[in-house]
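Every read-out reported here was derived from the displayed coordinates using simple, explicitly stated rules and does not represent laboratory data. Bear in mind the structure is a predicted one, so any value in this text is a computation, not a measurement. Note that each Cβ is placed from the backbone with ideal geometry, even for glycine, and that neighbours are counted across all protein chains shown.
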Amino acid sequence: MPQPLKILLVDDEIVRAAMVEEALGQEGHEVVCRLQSPASLNEMVARHAPDVVIIDMESPDRDTLDSMSLLNRENPRPVVFFADQHQPDTMQAALEAGVSAYVVDGLVPSRVKAILEVAIARFASFQSMRTELDKARGQLADRKRIERAKGLLMKHQDCDEEQAYRMLRKLAMDRGQRIGEVAANVIDILERLEKGL
Amino acid sequence: MTASRIAGLERLTLGFIPLLDAALPIIAREGGFFAAEGLDVALSRENAWSTLRDKLAAGLLDGAHMLAPLPLAMSLGISGTACETLAPLVLGRNGNTLVLSRRWSEGMPLPDAGTPDGQVPNARNPAINARDFARRLGDRGGPAPRLAMVHPFSCQHYQLREWLALGGIDADQEVELVVLPPPRMAEALEAGRIDGFCVGEPWGSLAQHRGNGHIVASGAQLWPNHPEKVLGVTAAWAERHPEILGALIRALAAAADWLGASSEHARQARDWLALPPYLDRAVGHLETLTIGTGPVQLRIDGDLRPSAEDMAPMAAHIDQALRAQGGRLDPARLATCYSPVHFDAATHQDRA
């Protein structure tokens, strides 16, 4: 059994961070989490002395990590961006999942790769969870918009609900738009009309 | 996403960091200059230079607004994964400010604006404030002040070092250098996490406007008219898409011509930059896009042609870093990276 590694996790997404922390903990690693901390990342690295830093690709803190080995010549734990030239697929998967790793220079690449793969899998499943959630939220918002647009059409076109809905559906088909988008347009136009603009 | 043709338009994604010298791609998109060249360009705001760099190298971006030294550092494999990268166009010259917190800059004079033609960018010697800072360092003692810049391979890093050297200050011993992305500078200064920084506009003037610090030197004082940002594309991408690269160069050049044509255009450009996907509230303190005014001397309305000679000041720093590790900078590599051939070919076609 290899020595557990100390991992610093830098991620503002609370749920995702918990997923990654849980999974890496199961692999026997020690995970230090950092969530929305305003403190300097330099100090976090100095204090925790991690072997690996797993960081959200979109985090502004990446530049701080990227420069550490170049700037802090006396830092006992310089970190370098992990990009294994022999594993371009892992790098591509990491970029697409939005996760990157910085490691202490000299760490065995296979160990880093194993950790990165665990993080990639959790980032990817979080991404699909969020896509599903966004879709569900969008559908809910669309339904509300369609109701409002129907109401406005019934008032302005003096028609019933069924006719109002058919009107929206025809507009959507004619324009090749989603019915939710058409509803938003209808609301926009009819509300402006009501305000006399 | 590599370039693809959709409905007669070439679809591209360009990365940028929120800064005034991201103006040309923003103007080219909002003003229709990309569309006029048959390009449908999405602009992707990035949070960190290293992320923009890695996305470009991996092909997730077709091109990017880049720190001028970065394409060379990528080509040399000393920043991120080794990736041959080209800088076929200069997106901006000058524009950097060195800001110190109120505590450190009290009473220091503003760097002089100099002459409008940029020939004598400062009547005032930047060493005056640097020596003053050195004196204050000596008087105060205590922990070394923490100064931020934007990336190890940036003009901001090199200019900060050169300015400190003018005051006889050892950048590795007497101050602590840290890296922060540009949009974080003003808030970090306000919160007291850093004592000063060197950054591109509008972040320096914003910190001064908010009263958290003073501009004590400018990049234009140290390196007059140096290329500050370039368009960056990978050599592989440029080889695969020579026509698209030509169209990109012409669209950006047209945007620069339009910007330089009237002060009304500079106002319109500021309004475009103020849109939420770009710089948003960060330009709220500017009435117009500040071009050519002191002490910053930002230039984004012309002189877009790259050349290896223009890169001399930053190439010297990179050469020095390579020599420290027993290597040296190959002039042929520098010449390839900042070659004007793509620019000349694209703009020549335009005239023909």
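Give a quick list of trypsin sites (Lys or Arg not before Pro) in segment A:132-197 that DSSP marks as loop, anything other than H, G, I, E or B, with at most 16 other Cβ atoms within 10 Å.
Values: sites: A:LYS135, A:ARG137, A:ARG143, A:LYS144, A:ARG145, A:ARG148, A:LYS150, A:LYS155, A:ARG166, A:ARG169, A:LYS170, A:ARG175, A:ARG178, A:ARG192, A:LYS195; in loops: A:ARG178.
Hits after loop and neighbour filter: A:ARG178.
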(request) Choose one answer from B:GLU228, B:GLU37, B:GLU187: the residue with the largest mean-square fluctuation in a GNM of chain B with alpha-carbon springs under 10 Å. (result) B:GLU187
(message) Using each residue's phi in segment B:159-174, evaluate 6.51 cos²θ - 1.76 cosθ + 1.60 at θ = phi - 60° and report the 3J(HN,Hα) Karplus result to the nearest Hz, with x for Gly and Pro.
(response) 5, 4, 4, 5, 5, 4, 5, 4, x, x, 9, 7, 5, 8, 10, 8
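About the Cα centre of the protein assembly as shown, what is the dipole size in debye to 20, counting +1 per Lys and Arg Cβ and -1 per Asp and Glu Cβ, all else neutral?
Rounded to the nearest 20 debye, it is 580 debye.
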(message) Suppose R0 equals 41 Å. What FRET efficiency, 1/(1 + (r/R0)^6) with r the Cβ-Cβ distance, do A:GLU43 and B:ASP257 give to the nearest 0.05?
(response) 0.30
(request) Assign unit charges at the C-beta atoms only (+1 for Lys and Arg, -1 for Asp and Glu), then state the dipole size of chain A relative to its Cα centre in Debye, rounded to the nearest 20. (result) 660 debye
(request) Please list, in chain and number order, the residues 5+ apart from B:GLU228 or on another chain whose amide H is under 5 Å from its amide H, with Hs placed from the backbone. (result) B:GLY92, B:ARG93, B:ASN94
(request) Under 1.5 on a/c is rounded, so check that first for segment B:20-60, then, if it is not, pick prolate when a/b is larger than b/c and oblate when it is not; a ≥ b ≥ c are the square roots of the alpha carbon gyration tensor eigenvalues. (result) oblate
(request) Treat the count of other C-beta atoms within 10 Å as a stand-in for reagent exposure and order A:THR90, B:THR81 from fewest to most. (result) B:THR81, A:THR90
(request) Treat each spin label as a single point 7 Å out from the Cα along the C-beta direction, and report the A:GLU181 to A:ALA18 distance in nm. (result) 3.6 nm
(request) Tabulate in residue order the Karplus-calculated ³J(HN,Hα) for segment B:212-224, using 6.51 cos²θ - 1.76 cosθ + 1.60 with θ = phi - 60°, rounded to whole Hz; enter x for Gly and Pro. (result) 8, x, 10, 6, 10, 7, 10, x, 5, 5, 7, 10, x
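Taking loop as defined by DSSP and a crowding limit of 13 other beta carbons within 10 Å, which trypsin sites (Lys or Arg not before Pro) in segment B:261-352 fit? Could the numbers behind the result be given before it?
On the way: sites: B:ARG267, B:ARG270, B:ARG281, B:ARG299, B:ARG323, B:ARG328, B:ARG333, B:ARG351; in loops: B:ARG328.
Those satisfying the criteria are B:ARG328.
Just to be sure I understand: if I project the alpha-carbon convex hull of chain B onto a plane and average over all orientations, what area do I get in nm²?
Details: hull surface 68.0 nm².
The number I arrive at for chain B is 17.0 nm².
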(request) Using the structure shown, select from A:LYS150/A:LYS195; B:LYS55/B:LYS229; A:LYS135/A:LYS195; A:LYS155/A:LYS195; A:LYS135/A:LYS155; A:LYS113/B:LYS55 the pairs with a Cα to Cα distance greater than 24 angstrom. (result) A:LYS135/A:LYS195; A:LYS135/A:LYS155
(message) Using a Förster radius of 25 Å, what is the FRET efficiency between A:ASP89 and A:GLU132 based on their Cβ-Cβ separation? Nearest 0.05, please.
(response) 0.45
(message) Please list, ordered by chain and number, the residues whose modelled amide H lies under 5 Å from the amide H of B:VAL41; skip anything fewer than 5 residues away on the same chain.
(response) B:LEU12
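DSSP beta bridges in chain B, what fraction antiparallel, as a percent rounded to 5?
Values: 24 of 39 bridges.
Of the beta bridges lying entirely in chain B, close to 60 percent run antiparallel.
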(request) May I ask you to evaluate 6.51 cos²θ - 1.76 cosθ + 1.60, the Karplus curve with θ = phi - 60°, for each residue of segment B:327-341 and list the ³J(HN,Hα) values in order in whole Hz, giving x for glycine and proline? (result) x, 7, 7, 6, x, 5, 5, 4, 5, 5, 4, 10, 5, x, 4
(request) Once you have the Cα-Cα distance between B:ALA235 and B:ARG267, take 0.36 nm times their residue separation minus that, and quote the gain in nm to one decimal. (result) 8.0 nm
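How compact is segment A:6-131 by the rule of thumb for globular proteins, expressed as Cα Rg over 2.2 N^0.38 Å?
On the way: Rg = 13.5 Å, N = 126, 2.2 N^0.38 = 13.8 Å.
Normalised Cα radius of gyration, segment A:6-131: 0.98.
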(message) Quick check: Cα centre of segment A:45-115 to Cα centre of segment A:2-31, how many Å?
(response) 14 Å
